[in-house]
Amino acid sequence: MKDPAFLFYPNDYLGGTMGMTFEEKGAYLELLMLQFNRGHMTTHMIGHTVGQLWVKIQDKFIQDPEGLWYNERLDLEKERRKTFTESRRNNVLGKNQHTKNKETEVGHMTTHMLGHMENVNIDVNKRDLLLDNIKEYKELLGESYDEFIDYWCEPNKNGKLRYELEKFFDVKRRVNTWIKNKLRYGNTKTFNATASSQQRMATLKEWVHS
């Protein structure tokens with residue numbers, strides 16, 4: 001099934017189109033929509049869509065090895081979203097390494113949860129919201145970063161992510177608590193590689209007690 005949407009970042013768009021006329025901005029968006037629906041574009045497709053405005057916005061696109069034009073950022077966002085949605089589907093179908101359901105149980109889970117896949121557009125945005133707020137702590141979390149994200153972005157049966165179910169969710173405090181628990185209960189497989197040195201352990205302990 002074709003993905004019906006892609007993530008759009010208004011601030012990035014405004015910054016990237018600053019100085020364009022309204023007509024040029026409209027032509028730029030038309031080509032983004034064309035690329036999203038049709039893939040990389042021929043010069044003929046572009047000319048048919050935006051005409052002579054192409055020369056004004058051409059610097060927003062690059063050519064692939066076959067000479068077709070595309071916006072690099074849009075391709076990246078489509079790939080990121082594809083990876084995430086595939087991961088979600090694998091979770092639903094019991095193909096994720098963290099899923100312990102027996103094969104006989106997968107059918108029930110699939111029937112029960114596939115109805116929530118239509119909410120994936122919302123879930124992607126919610127996940128990215130958390131990623132934006134936690135990126136400054138990524139180095140502190142080290143290899144435990146992905147584990148932290150997966151834990152707090154796990155959806156319940158109604159499609160609500162775990163972090164949304166909390167009455168209060170202060171990112172710095174949650175990261176602090178996460179690292180404290182890692183230090184208190186010992187290094188897990190995902191945390192061991194980055195916390196193995198005494199210097200890093202000391203840095204983490206200093207941070208969580210600051």
Set Lys138/Lys182; Lys78/Lys167; Lys82/Lys126 screened for pairs whose C-alpha atoms are more than 21 Å apart: Lys78/Lys167
So what's the range 14-54 giving for Cα Rg divided by 2.2 N^0.38 Å, two decimals? 1.16
Inter-label distance, nm, simple model (7 Å from Cα along the C-beta direction), Leu165/Glu30: 4.8 nm
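All of the numbers you see were taken from the coordinates with simple rules; none came from a lab. Since this is a predicted model, take the numbers as computed values, not measurements. Neighbour counts run over all protein chains shown; Cβ positions are idealised from the backbone, glycine included.
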